[in-house]
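The values are calculated or read from the model by the stated rules, or taken from the named source; none is laboratory data. Predicted, not measured: the structure shown is a model, and the values here were computed from it. Virtual Cβ from ideal backbone geometry, glycine too; neighbours counted across all protein chains shown. The area values use the complete protein model at the heavy-atom level, side chains included, leaving out ligands, DNA and RNA. Shrake-Rupley method; radii C 1.70, N 1.55, O 1.52, S 1.80 Å.
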Amino acid sequence: MSFGEQKSLFTEKSDHELFANLSLERPLVVFDLETTGLDMKNDRIVQFAFLRVNPDKSKDEWMELVKPGIRIPPESSRVHNITDDMVKDKPTMAHFAPKITEFLQNCDLCGFNIARFDVPFLQAEMERNNHALDLNDINIIDAQVIFHKQEPRDLSAAYRFYCNQEHEDAHDAMGDVQVTLEIFDAQLQRYQNIPRDIKKLHEFCSPKDDRWVTQDRKFYWRHGKATIGFGKHKGKSLEWIVEKDRDYLMWMKSGDFSADTKEMIINALNGTFPVNNGSNDD
């Protein structure tokens with residue numbers, strides 16, 4: 001089976017230069033998924049891309065759009081720009097699953113944030129289509145984990161980066177405060193594109209993720225409706241829970257949840273539901 005017909009994404013490094021410091025005993029497949037949402041039980045893959053680096057450093061690339069069998073929420077389309085119309089005539093995962101099994105045979109996996117998202121999502125999809133992905137003998141390399149481990153993001157590292165000084169009083173409250181002030185001032189000098197206005201800086205530091213309804217990320221938007229992302233009703237709309245299990249929402253109302261989540265629940269129990277103003281669907 002030929003998978004290497006797509007245009008190469010690599011223009012700067014030759015096959016010989018790629019992974020010059022890494023010895024591959026078997027192929028390494030770098031991959032990424034785009035999905036209808038974040039719920040591995042109810043959501044589906046709409047696109048996958050696999051790039052297999054072979055031990056001789058040659059590459060095989062394979063990317064496809066997938067018909068998910070469910071509607072793509074507009075809030076997800078705004079993230080990956082894939083719409084229902086784009087996938088309506090594409091094959092489903094049932095078609096691709098056996099080919100994916102073949103492509104990944106005797107390979108290790110690599111990606112960015114794949115350990116927490118892409119790998120378990122792919123596992124769920126493959127199992128649904130009767131081609132379970134056995135990870136027992138597969139090594140998983142996550143470039144995000146390497147990034148976070150090798151590039152510390154603590155206050156001392158920031159002080160060293162922005163001010164070229166060592167933070168001698170780390171974890172002393174006033175020492176940390178003084179260093180933070182110096183870092184913030186250095187950032188304002190360094191980055192001319194960030195706002196100089198406090199309100200705009202607040203918006204810059206707290207970007208709104210349109211996929212989530214509330215700050216604690218307990219509810220997400222799905223087809224314009226607030227949908228719970230955890231617990232026994234995971235994947236159900238807030239309206240459905242109000243109708244079927246009001247006691248569950250009463251428990252949430254008095255539980256350890258963010259103020260905006262509790263306010264939304266109180267409003268829902270009184271018959272008023274949140275509206276996704278960014279939705280162009282429904």
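Pairs of C-alpha atoms in the range 134-282 farther apart than 23 Å represent 61 percent of all such pairs. Sequence-distant contacts, meaning Cα pairs under 8 Å at least 6 residues apart, place the relative contact order of the range 210-270 at 26 percent. Accessible area per residue for the chain, computed on protein heavy atoms with a 1.4 Å probe, is 62 Å².
Calculated [222 nm] ellipticity per residue, helices only, for the chain: -10000 deg cm²/dmol; basis is -39500 (n - 2.57) per DSSP H run with n ≥ 4, divided by all residues, nearest 500. If you roll a 1.4 Å probe over the chain with all protein chains in place, what percent of the accessible area is carbon or sulfur? That fraction is 49 percent. Relative to the current alpha-carbon distance between Glu182 and His95, full extension at 0.36 nm per residue lengthens the span by 25.6 nm. I want the antiparallel fraction of DSSP beta bridges within the chain, as a percent rounded to 5. That works out to approximately 80 percent antiparallel. Sort the range 165-222 into rounded, prolate or oblate with this rule: let a ≥ b ≥ c be the square roots of the eigenvalues of the Cα gyration tensor; rounded if a/c is under 1.5, and if a/c is not under 1.5, prolate when a/b is larger than b/c, oblate otherwise. Note, shape of the range 165-222 comes out oblate. Per the Debye formula with a single identical scatterer at each Cα and no solvent contribution, what log10 I(q)/I(0) holds for the range 76-196 at q = 0.13 Å⁻¹? Log10 of I(q)/I(0), two decimals: -0.77. Label-to-label distance, Ile70 versus Glu203, with points set 7 angstrom from Cα along the beta-carbon direction: 3.4 nm. Using only side-chain charges placed at the Cβ, +1 for Lys and Arg and -1 for Asp and Glu, the dipole size of the range 15-157 relative to its Cα centre rounds to 340 debye.
Would you work out the relative contact order for the chain, in percent, from Cα pairs under 8 angstrom that are 6 or more residues apart? Reported relative contact order: 14 percent. Mean projected area of the convex hull spanned by the Cα atoms of the chain, taken over all viewing directions: 20.6 nm².
With 0.36 nm allotted per residue and the present C-alpha distance subtracted, the Ser23-Gln150 stretch has 43.7 nm of extension available. A 1.4 Å probe over all protein chains sorts Met126, Met174 by accessible area into Met174, Met126, starting with the largest.
Going by Cα centres, the range 71-119 and the range 149-194 are how many Å apart? Rounded to whole Å, the Cα centres lie 40 Å apart.
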